[in-house]
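J.: What follows is a structure written as structure tokens; I'll ask about it next.
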Amino acid sequence: MKSNRQRRAEIKAKRVKRAQRLKMRLQPKPRLGETPLGAVAADHGALSHNNTYGLLPDYYVDRAFVCRDCGSEEIWTAQQQKWWYEAAKGHIDSYAVRCRACRKRIRDQKVAQKRHMEAMAARPRHPNEAFFRRKLRRSAK
């Protein structure tokens with residue numbers, strides 16, 4: 001059980017963390033006609049796959065985000081955005097939510113699961129497997 005002082009300290013730490021995340025999201029936007037430093041120009045011809053009513057971007061800028069799984073603060077660079085939207089044909093309203101390490105971990109888990117399922121499909125069948133299936137069907141009724 002925690003004391004009130006410990007609980008208040010936890011609440012204050014959460015508020016500070018939330019304020020920092022909000023500050024990261026509220027980056028100043030450039031004025032009309034200005035291109036920010038470090039921006040990468042967008043190719044509207046490559047973005048033609050997006051069926052959207054909104055305006056297509058003229059450039060990409062680095063965007064900060066917090067990883068959904070581990071909570072680490074990451075930067076989605078302008079070059080990575082250009083590749084995602086133009087080469088990989090990602091939807092224009094999508095954005096990064098996981099860091100590279102978490103994406104790799106999920107990808108490795110999927111590969112391991114696929115390998116396991118292939119091994120299970122390739123294993124020799126039990127000689128009386130048909131008998132067991134009949135028995136399961138009867139018990140389900």
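We did not get these values from a lab; they are worked out from the coordinates using the rules stated. Bear in mind that the values here come from a model prediction, so they are computed numbers and not experimental data. With ideal geometry, Cβ positions are generated from the backbone for all residues, glycine too; neighbour counts draw on all protein chains shown.
J.: What distance in nm separates the simple spin-label points at Gln80 and Tyr59, each placed 7 Å from Cα in the Cβ direction?
T.: It works out to 2.0 nm between the two label points.
J.: Does anyone have the angle between helix 100-122 and the longest principal axis of the chain? Alpha-carbon axes, 0 to 90°, nearest 10?
T.: That helix lies at roughly 20 degrees to the long axis.
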